[in-house]
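The values are calculated or read from the model by the stated rules, or taken from the named source; none is laboratory data. Bear in mind that the values here come from a model prediction, so they are computed numbers and not experimental data. Don't worry about glycine lacking a Cβ; one is built from the backbone with ideal geometry, like all the others, and counts go over all protein chains shown. Calculation scope for accessible area: heavy atoms of the full protein, side chains included, ligands and nucleic acids excluded. Shrake-Rupley method; radii C 1.70, N 1.55, O 1.52, S 1.80 Å.
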Amino acid sequence: MRGTPGQTVGPFFRYGLEVEGGGLLVSPGSPGAIRLSGTVYDGSGAAIPDALVEIWQADGAGVIPTAEGSFHRDGTFTGFGRVHVTDAGEYEFWTVLPDADFIAVIVFARGLMDRLHSRIYLPGRSDAFLESLDPAERATLVAIETGDGLRHDLRLQGENETVFLAYP
Amino acid sequence: MTETTQATISAEIAALHSDYDKRRAAGMPPLDSPLVDFAPYRSSVLRHPTKNPKLVDPESIELASPAFGHRDVAAVESDLTVQHAGEPLGERMVVTGRVLDGEGRPVRHQLVEVWQANASGRYIHQRDQHPAPLDPNFTGAGRCITDADGRYSFTTIKPGAYPWKNHVNAWRPAHIHFSVFGSAFTQRLVTQMYFPVDPLFPLDPIYQSIPDQAARDRLVAAYDHDLSSPEWSLGYRWDIVLTGPRATWIEPEGSDA
Ligand SMILES: [Fe+2]
């Protein structure tokens, strides 16, 4: 069957897609908690203030969560997060480092016609796909270690444009 | 404020569609997605990738999906007309359909979220400056979990068309925003559902960002009289098929990628 086309998330998605605690996959300060943050940029290098970022990941043991209730924040690690960026284009999640090469990420924004899939690779981890990229492309997919976690910017266009993905 | 006219926008849309039609005639397969580089939607100019997406085999995390369920969503959230003390103004309607994967299999027990303007074409969002009345009895956001057949259903009111500032006298055709999860994270989709025979279709650069007419048609719900309830509400049917982002055509003609 042919797929249903995507459309932009538009400007007014906040109240439709708001999730309480959407960025808190774990409590800040809990054992193993890391801060995963970054800025979403447009092709002029300006921050995008009306973007939505979703992440989906395995837990610290590499297990993909399957328990029902991915929005729940009751101490069970559900692996899914969703945040609206700030007016400065910043997103922030509190999560754990998965025992995996990467965290899956999707970005939506006003002005962006369709969602964009990408990956946030953990520093020091790699796979055949990452190695197949040239160094400049690869750099757009690998997070940077910070004092309390990881930093990873998403650039929708321009120099250092993030590598986005399609699937067969 | 832009001085761009509808005639300018319409001419740009026609040129981009004509380019697509030529590529189709030359053998390019049909496109099931919007063109991300679609300047008639002015806000898109600096917000689209200029490189083709990289084709990659999904890993296990991407082949799995978050597991939403009735712990996340209360049954009442699928009725947008009962969220306040009174009933909202507007044409009461039910919209229902199935969420399917590319093989036609139902996407079971998965999350569907919607948001929309009220009957006057006004969003409750604080940045919506359209001088149409807010409805104290309508928020315009709903959620539900698909059933074992992949079926979702919302009760709501028909949203109004609304103006936006893309160009002079720009109006969005009435639509409901849909956010859908599949059985794999690769199938994640956010889109908009439209209503039959809207006269604003040819003028709207967001709807027309999908260059393929058959693909555009798939965003339009069908009026279904069997779904209408006597003395109560009108019914619309709209199915959603989740296939995930395919390698899309962005690169110049002649490329073999
Ligand atoms: Fe809208």
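To keep it simple, each residue is scored yes or no on (1) more than 7 Å from chain B (Cβ to nearest Cβ); (2) surrounded by fewer than 18 Cβ atoms within 10 Å (Cβ to Cβ); (3) part of a loop (DSSP other than H, G, I, E, B); (4) modelled with pLDDT under 95.
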position: A:Gly6; (1), (2), (3), (4): no, no, yes, no
position: A:Gly38; (1), (2), (3), (4): yes, no, no, no
position: A:Gly45; (1), (2), (3), (4): yes, yes, yes, no
position: A:Thr86; (1), (2), (3), (4): yes, yes, yes, no
Among (1) touching a strand residue (DSSP E or B) at 6+ places or on another chain (Cβ under 9 Å); (2) away from the ligand (no atom under 16 Å from the Cβ), A:Leu52 falls short only on (2)
When region B:147-199 is checked residue by residue, the ones that are part of a strand (DSSP E or B), within 11 Å of the ligand (Cβ to nearest atom) and either modelled with pLDDT under 95 or over 13 Å from the mean Cα position of the chain (by Cα) (or both) are B:Tyr162, B:Trp164
For B:Gly244, the lone unmet condition from (1) facing chain A (nearest Cβ under 8 Å); (2) modelled with pLDDT under 95; (3) open to solvent by 50 Å² or more (accessible area, probe 1.4 Å) is (3)
Only unsatisfied item for A:Gly29, checking (1) more than 10 Å from chain B (Cβ to nearest Cβ); (2) surrounded by 23 or more Cβ atoms within 10 Å (Cβ to Cβ); (3) at pLDDT below 95, is (2)
Checked against (1) modelled with pLDDT under 95; (2) more than 14 Å from chain A (Cβ to nearest Cβ), B:Pro88 satisfies every condition except (1)
Apart from one, (1) in contact (Cβ under 8 Å) with a residue 60 or more places away in the chain; (2) open to solvent by less than 40 Å² (accessible area, probe 1.4 Å); (3) within 16 Å of the ligand (Cβ to nearest atom) all hold for A:Phe12; the odd one out is (1)
Taking region B:42-72 and the residues there that are at pLDDT 95 or above and more than 7 Å from every other protein chain (Cβ to nearest Cβ), the one that is farthest from A:Met113 (Cα to Cα) would be B:Glu59
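Among the residues of region A:89-102 satisfying the criterion of being part of a strand (DSSP E or B) and touching a Lys or Arg at 6+ places or on another chain (Cβ under 7 Å), which is surrounded by the fewest Cβ atoms within 10 Å (Cβ to Cβ)?
A:Glu92
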Scanning region B:126-138 for residues that are open to solvent by less than 40 Å² (accessible area, probe 1.4 Å) and either aliphatic (A, V, I, L, M) or within 14 Å of the ligand (Cβ to nearest atom) (or both) gives B:Asp128, B:His130, B:Ala132
For region B:105-125, pairs from a residue that is open to solvent by less than 20 Å² (accessible area, probe 1.4 Å) to a residue that is among the basic types (Lys, Arg) and more than 12 Å from the ligand (Cβ to nearest atom), with Cβ under 6 Å and 6 or more apart or across chains, are B:Glu113/B:Arg143
Selection from region A:47-70 of residues touching a residue at least 12 places away in the same chain (Cβ under 8 Å) and either crowded, with 20+ Cβ neighbours inside 10 Å or among the hydroxyl-bearing types (Ser, Thr, Tyr) (or both) yields A:Ile48, A:Asp50, A:Ala51, A:Leu52, A:Val53, A:Glu54, A:Ile55, A:Trp56, A:Gln57, A:Ala58, A:Asp59, A:Pro65
Here the residues within region B:139-153 that are without any contact (Cβ under 8 Å) to a residue 60 or more places away in the chain, under 21 Å from A:Val19 (Cβ atoms) and open to solvent by 10 Å² or more (accessible area, probe 1.4 Å) are B:Thr139
Filter region A:15-36 for residues that are charged (D, E, K, R) and in a loop (DSSP other than H, G, I, E, B); the one that is nearest to the ligand (Cβ to nearest atom) is A:Glu18
Note on B:Val99: of the conditions (1) within 13 Å of chain A (Cβ to nearest Cβ); (2) part of a helix (DSSP H, G or I); (3) within 23 Å of the chain's Cα centre (by Cα), unmet is (2)
Checked B:Leu80, B:Leu63, B:Leu46, B:Leu55 against criteria (free of Cβ contacts under 8 Å to residues at least 24 places away in the same chain and either farther than 20 Å from B:Arg216 by Cα or open to solvent by 70 Å² or more (accessible area, probe 1.4 Å) (or both)); the one match is B:Leu46
Looking across region A:134-168 at residues that are surrounded by 16 or more Cβ atoms within 10 Å (Cβ to Cβ) and farther than 29 Å from B:Ser179 by Cα, the single one that is nearest to the chain's Cα centre (by Cα) is A:Gly149
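Show me the strands (runs of 3 or more DSSP E) found entirely inside region A:111-163 where at least 2 residues are facing chain B (nearest Cβ under 8 Å).
Result: A:116-121.
Residue check: is A:Leu17 open to solvent by less than 30 Å² (accessible area, probe 1.4 Å), closer than 30 Å to B:Ala117 by Cβ and touching a Leu at 6+ places or on another chain (Cβ under 7 Å)? Walk me through how you get there before you give the answer.
Values: open to solvent by less than 30 Å² (accessible area, probe 1.4 Å): yes; closer than 30 Å to B:Ala117 by Cβ: yes; touching a Leu at 6+ places or on another chain (Cβ under 7 Å): yes.
Here the answer is yes, as A:Leu17 does meet what is asked.
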